[in-house]
Amino acid sequence: MSYETIIVETDGRVGLITLNRPKALNALNSQVMEETIAAAKAFDEDDEIGAIVLTGSEKAFAAGADIKEMQALNYVEAYGRDFFGQWERFAATRKPMIAAVSGYALGGGCELAMMCDIIVAADTAKFGQPEITLGVIPGMGGTQRLTRAVGKAKAMDLCLTGRMMDAEEAERSGLVARVVPAAELIATARETAKKIASFSLPSVMMAKEAVNRSYEQPLSEGLRFERRMFHSLFATDDQTEGMAAFTEKREAQFNNR
Ligand code: HXC
């Protein structure tokens, strides 16, 4: 498939998606949405890919949903086509996704980063949910995923004032896993993705699924789910190999089986 608003590359077992609408600071219009979802799905279905990196430009990861496209929408249309509900298909990607954020990650941009599993931020990154300044509220998870990530106090602060938070505050608040100098952002995200992709894919995918389960159910059920997933990994060749390699003091050779 050929894409117009994103660039799709691979680096070994890492799939890289770069949002590429520079004139609109990577504002997320319908085309960007469709292409990004399609690229993530293709990587998810590709046996040669073990992890995905999503990034934008130096100035903007994404400055939000495309306000100019959204402007004329009325209620019936928004509800009728479940406007931007399709992004949940991106969030449903089963392989690990790293958002490498430089510059603005605002509104839908911040929400898109939060759909990924790990956010690595450049020291130039700015996160915010400015929808309130437009007379609306976040619609792609901002009031939900942000609150789970940073707690009620910060989520209320950001959603009600529309202010931005810098990378340092985002890391301190628990939104961001790591902050690195801007020049090192892509290399760090790629290296992290490569590391993840070097492990056994079934165990990586189950780890992601189990962590995500913690959002959905009580602790007792989450612990049971984790234990059952853990047990099931003893049916894999990679468990045999991983543990044998440890006892034989050598590096494991995983086959994703
Ligand atoms: C459409 C956008 C855009 C957006 C920027 N642009 N953000 N177009 N939608 N979200 C366009 C500008 O119109 C401009 O185009 C070009 O990108 C460069 O932007 P400037 O504003 O000139 O850049 P700068 O002065 O550096 O300011 C950067 C900025 C500002 C602070 C990020 O662009 C800004 O505030 N953008 C809007 C941020 C926002 O409110 N995002 C939330 C959107 S609502 P021209 O043609 O004039 O050069 C949302 C809802 C999600 O995300 C939920 C959906 C269900």
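The values are calculated or read from the model by the stated rules, or taken from the named source; none is laboratory data. Nothing here was measured: the structure is a model prediction, and the numbers come from that model. Here Cβ is always computed from backbone atoms with ideal geometry, including for glycine, and neighbour counts include all displayed protein chains. To get the accessible areas, we keep the full protein, side chains included, count just its heavy atoms, and leave off ligands, DNA and RNA. Shrake-Rupley method; radii C 1.70, N 1.55, O 1.52, S 1.80 Å.
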Subset of region 109-124 that is open to solvent by 10 Å² or more (accessible area, probe 1.4 Å) and among the charged types (D, E, K, R) - its residue that is farthest from the ligand (Cβ to nearest atom): Asp117
Residue among Ala51, Ala91 that alone is within 14 Å of the chain's Cα centre (by Cα) and open to solvent by 10 Å² or more (accessible area, probe 1.4 Å): Ala91
Residues of region 184-201 that turn out to be more than 30 Å from Asn255 (Cβ to Cβ) and open to solvent by less than 40 Å² (accessible area, probe 1.4 Å), as a count: 1
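Residue under question is Lys41, and the condition is that it be outside any strand (DSSP E or B), more than 11 Å from the ligand (Cβ to nearest atom), within 25 Å of Leu175 (Cβ to Cβ) and at pLDDT 95 or above; does it hold? Step through it out loud before you land on a result.
Values: outside any strand (DSSP E or B): yes; more than 11 Å from the ligand (Cβ to nearest atom): yes; within 25 Å of Leu175 (Cβ to Cβ): no; at pLDDT 95 or above: yes.
No, not satisfied.
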Every pair of residues 6+ apart whose Cβ atoms lie under 9 Å, when the first sits in region 35-59 and is more than 16 Å from Asp117 (Cβ to Cβ) while the second is in a loop (DSSP other than H, G, I, E, B) and at pLDDT below 95: Glu35/Met1; Ala38/Met1; Ala39/Met1; Ala42/Met1; Asp47/Asn256
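A quick yes/no check of all residues on (1) among the charged types (D, E, K, R); (2) closer than 18 Å to Gly109 by Cα:
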| position | (1), (2) |
| --- | --- |
| Val150 | no, yes |
| Lys154 | yes, yes |
| Ala167 | no, yes |
| Arg172 | yes, no |
| Ala177 | no, yes |
| Ala183 | no, no |
| Ala187 | no, no |
| Ala193 | no, no |
Residue among Val8, Val32 that alone is within 13 Å of the ligand (Cβ to nearest atom) and of a type in the set (Val, Ile, Thr): Val32
Matching residues, region 68-108, being under 23 Å from Ala51 (Cβ atoms), within 12 Å of the ligand (Cβ to nearest atom) and without any contact (Cβ under 8 Å) to a residue 24 or more places away in the chain: Glu88
Single match in Tyr75, Tyr79 (criterion: open to solvent by 10 Å² or more (accessible area, probe 1.4 Å), under 18 Å from Met33 (Cα atoms) and among the hydroxyl-bearing types (Ser, Thr, Tyr)): Tyr79
Flag if Arg257 is exposed (fewer than 14 other Cβ atoms within 10 Å of the Cβ), of a type in the set (Lys, Arg) and not in a helix (DSSP H, G or I): yes
Considering residues of region 174-190 that are part of a helix (DSSP H, G or I) and within 16 Å of the chain's Cα centre (by Cα) only, the residue nearest to Leu16 (Cα to Cα): Arg190
Phe127 more than 10 Å from the chain's Cα centre (by Cα), modelled with pLDDT of 95 or more and open to solvent by less than 10 Å² (accessible area, probe 1.4 Å): yes
Residue selected from region 134-183 under the condition open to solvent by 70 Å² or more (accessible area, probe 1.4 Å), away from the ligand (no atom under 14 Å from the Cβ) and in contact (Cβ under 8 Å) with a residue 12 or more places away in the chain, by the criterion nearest to Ile118 (Cα to Cα): Arg178
Glu58 acidic (Asp, Glu), closer than 27 Å to Thr192 by Cβ and either outside any strand (DSSP E or B) or open to solvent by 60 Å² or more (accessible area, probe 1.4 Å) (or both): yes
